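Reading through the structure tokens given below for one structure.
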Amino acid sequence: MTSEILSIKGVSKRFGGLRALDDVNLGVRQGSVHAIIGPNGAGKSTLLNCLVGRITPDEGSVTFDGGSLLGHKPHQINQAGIARVFQTPEIFGELSVMENVMIPAFARKDGAFRINAWGRARERGEVRDEAEHILDDLNLWSQRDQIVNSMSRGDKRRLELAMCLVQHPKLLLLDEPTAGMSRADTNNTVDLLKKIAERGVTKVIIEHDMHVVFSLADKVSVMAQGTVIAEGTPEEIKASPKVQEAYLGGAHL
Amino acid sequence: MSQSVMTPDENLSKNMGRSPAEGHEPKGEGLRGFMSSSRSDYLLLAIFALAILTMPIWLAPIGAGYPDILQKFAIFGIFALGFNILFGFSGYLSFGHAAFLGTGSYAAVWMFKLLSMNAVIALVFAIVVAGVFALLIGYVSLRRSGIYFSILTLAFAQMSYNLAYSVLTPITNGETGLQVSGSDPRILDHMFGSPSGRGVPDFFGIELQGWPGFYFCAILLILAFFVTMRIRNSTFGLMLFAIKSNQNRMNYTGFATRPYLLAAFVISGMYAGLAGGLLAVTDPLAGADRMQWTASGEVVLMTILGGVGTLLGPVIGAAVMKYLEQIFSSFNEGVLHRTFDFLPHGLQEFMVTITSPFVGEGWQLTLGLLFMIVVIFLPGGIMEGVRRISHRFRRGRGETNAAPAHDGH
């Protein structure tokens, strides 16, 4: 029950003289929603970048689902079951919504590389089924033929989430999924993430909005200056004077 | 055509309770446009084939109704089609594709010399050799992207060009160029007792000169067009467009993008090999000038002129360029005087004076102007112009069709 799907041990990363990550230890339980909070520059995104293979840590180990993630390329890490939603949506702007969702579904079905230069992409039934299903789920069905560039910001974020979910990842990384959203959009996103949480997808979420964090997370890690300064349930974090001092500036929650 | 998104049987088996595609308009312009249906694809193919095969008739009035130039249209159409698979679909701009064109020519002439004057053997060999060559160059060049990739391909092509003139002279015959001659072994021809004495490439007995030569090239162009169409609509094609759109996302989505790009590079190299082979078929001579960077630049211009990433664009771009090169360059003052004959004498002289720099040796000036106009006003090339006109035309008819047949050809 309490097995860790992801464990980060002693991870450090320097950029020149800057210690971006300093001996970070973090464990994410299977099926949980783990939030990482902290002020800007605390190293949250750097940590996420280490997980997806964008950067390689100088020291430490990252173990996911029984294997090490270090030294693997981004596509290998994705194939191992980690999908990431970026702070600014990374999507295929010139393609249609349907195509955007079919592409990740193909990655799951066909692997990292397979040439099928003859069969029509849109006639791959299983892939289409998956894509249609997820579009229906995330309320994007009516926009399926729209070119993504012409969509609203909120819809783009939802689409990127759909692109990750269609892969049925074991671990979903969300980098500030509600940044720059209105209160109403934020609430919609929280509802959506709760709905996904019911399916038991493990999630690591970076978020500034405390409302979002405390309504979603099972566990919260607080980062400051490249290291984890506190960890616990949302209630514990709310109550911790150390956290209030370091991050929340003493403000009462 | 209200259900242009799906084939009818798909609609039956799925989407029960949903209302697919009804009253539903795609917004915005995509890389691939709307996913086209297979029916409209085959319609396009049929129209294309018909148009290509009847070129001798409908291009005669503008002075292009003779086999030499039409062959060039077809051959460079194939070259540009293949180039577009790399540049148009995946967004990787190669500045060295002429290397594969030249390689194809050399390979074909060597087959003529060693084995047989049969064009099929020569073309297969040309495609294979160009493909292998593309695999090597592509493998190295694709370590980089963007401008660095372009520069690497350019460097390789220039290297090949210089090697053909120096170290590789035993294979390329240097500046004289590689030619067929009566003393060539032509093993297969002699074995089957059909030595083609005149040294004219043939297709199982049909000499590929003049009109037969054109129809041979035309049929290969139609085949190449069909294959390109299949690739464009295939899963592989979708992956290439996705790489063009956002390569980062492709990596984080679990794709090894480099093998996809290498495959596209090799395929487009093989198209170039086929085109180079056909140049040798229609004129059994191969020279290193075919590999020069100007030739590489030419195919870039053709593709941009016609419409990057479109199916028809590169073929049209190739034809326009070859037309300017062949016809405009042959215009002289005499032709201009005749053209403006209907004007009063003074005006006639005036018109001749201002137009003469744009014809004859100055045809490239016309090309440059045309290129500038297209890039500034129609960034999507001639095909974008066609699309705009057809949109306006459709709107002019009062939007009777609810679903736009936007198919992105």
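The values are calculated or read from the model by the stated rules, or taken from the named source; none is laboratory data. The structure displayed is predicted, hence computed values, not measured ones. Positions of Cβ are backbone-derived with ideal geometry, glycine not excepted, and every protein chain shown enters the neighbour counts. Please note that ligands, DNA and RNA were not included when accessible areas were found on the heavy atoms of the full protein model with its side chains. Shrake-Rupley method; radii C 1.70, N 1.55, O 1.52, S 1.80 Å.
Values as computed for the structure displayed
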{"item": "P(r) weight above 16 Å for the range B:70-186, C-alpha pairs, percent", "result": "65"}
{"item": "Shielding of A:109-116 by partner chains, average beta-carbon count, 10 Å", "result": "6"}
{"item": "1.4 Å probe accessible area per residue over the range A:71-139, in Å²", "result": "35"}
{"item": "Span-rule helices in chain B, defined as complete DSSP H runs reaching 27 Å or more along the axis (Cα) with Kyte mean at least 0.0", "result": "B:119-141, B:146-165, B:210-233, B:257-282"}
{"item": "Accessible surface, per residue, of chain B when the full set of protein chains is kept, probe 1.4 Å, Å²", "result": "44"}
{"item": "Rounded D (µm²/s) - the range B:117-176, Kirkwood Rh over Cα pairs, Stokes-Einstein at 4 °C, 1.567 mPa s", "result": "99"}
{"item": "Charge tally in the Cβ shell below 12 Å around residue A:53, where Lys, Arg are +1 and Asp, Glu are -1, residue A:53 excluded", "result": "+3"}
{"item": "Rounded to whole Å, sorted largest first: equivalent-ellipsoid semi-axes of the protein assembly as shown, Cα gyration tensor", "result": "56, 29, 24"}
{"item": "Relative contact order of the range B:236-318, pairs being alpha-carbon contacts under 8 Å that are 6 or more residues apart, as %", "result": "14"}
{"item": "Top positive-direction residue, dipole computed over the protein assembly as shown with Cβ charges, set B:365, B:323, B:104", "result": "B:104"}
{"item": "Per-residue mean of C-beta atoms belonging to partner chains within 10 Å, peptide A:147-160", "result": "2"}
{"item": "Share of alpha-carbon pairs per 10 Å distance bin for chain B, given as whole %", "result": "5, 20, 28, 25, 15, 6, 2, 0"}
{"item": "Cβ-based charge dipole, the protein assembly as shown, positive-most Cα from B:380, B:160, A:20", "result": "A:20"}
{"item": "Mean Kyte hydropathy of 0.0 or more with a Cα span along the axis of at least 15 Å, helices from DSSP in chain A", "result": "A:97-110"}
{"item": "Relative contact order for chain A, counting Cα pairs under 8 Å that sit 6 or more residues apart, in percent", "result": "27"}
{"item": "Neighbourhood charge, 14 Å Cβ-Cβ cut-off, centred on residue B:315 and excluding it, Lys, Arg +1 and Asp, Glu -1", "result": "+3"}
{"item": "B:112, A:15, reordered so the largest accessible area comes first (probe 1.4 Å)", "result": "A:15, B:112"}
{"item": "Measure of compaction for chain A (Cα Rg per 2.2 N^0.38 Å)", "result": "1.03"}
{"item": "Electrostatic dipole magnitude of the protein assembly as shown [Cβ: Lys, Arg +1; Asp, Glu -1; Cα centre; debye, to 20]", "result": "660"}
{"item": "The range A:140-195: C-alpha gyration tensor shape, a/c 1.5 cut-off, then a/b vs b/c", "result": "oblate"}
{"item": "Shape of the range B:260-336, Cα gyration tensor, a/c cut at 1.5", "result": "oblate"}
{"item": "Selection from B:241, B:170, B:127, by position along the positive dipole direction of the protein assembly as shown (Cβ)", "result": "B:241"}
{"item": "With all protein chains modelled, accessible area of residue B:148 [1.4 Å, Å²]", "result": "150"}
{"item": "Charge context of residue A:107, other residues only, Cβ under 11 angstrom, K/R +1, D/E -1", "result": "+3"}
{"item": "Normalised contact order of chain B, rounded percent, pairs of Cα under 8 Å and 6 or more residues apart", "result": "27"}
{"item": "Compactness index (Cα Rg / 2.2 N^0.38 Å), the range A:1-135", "result": "1.25"}
{"item": "Rounded to 5, percent antiparallel among DSSP beta bridges of the protein assembly as shown", "result": "60"}
{"item": "Buried area at the B-A interface (accessible, heavy atoms, 1.4 Å probe, summed, Å²)", "result": "4400"}
{"item": "Accessible carbon and sulfur surface of chain B relative to its total accessible area, %, 1.4 Å", "result": "66"}
{"item": "Within chain B, longest stretch clear of exposed trypsin sites (Lys or Arg not before Pro) (DSSP loop, no more than 16 other Cβ within 10 Å)", "result": "B:199-396"}
{"item": "Counting all C-alpha pairs of the range B:220-266, share separated by more than 13 Å (%)", "result": "58"}
{"item": "Rg/Rg_globular for the range A:103-146, with Rg_globular taken as 2.2 N^0.38 Å and Rg from C-alpha atoms", "result": "1.25"}
{"item": "By average C-beta atoms within 10 angstrom, highest first, the peptides B:165-175, B:218-228, A:87-97, B:303-313", "result": "B:303-313, A:87-97, B:218-228, B:165-175"}
{"item": "Proximal aspartates and glutamates relative to residue A:9, as straight alpha-carbon distance under 15 Å, when same-chain residues fewer than 8 apart are discounted", "result": "A:22, A:23, A:58, A:59, A:65, A:231"}
{"item": "For chain B, built as a Gaussian network whose Cα springs stay under 10 Å, the top-fluctuating residue of B:55, B:117, B:291", "result": "B:55"}
{"item": "Where only C-alpha atoms are counted, convex hull volume of the range A:107-253 per residue in Å³", "result": "150"}
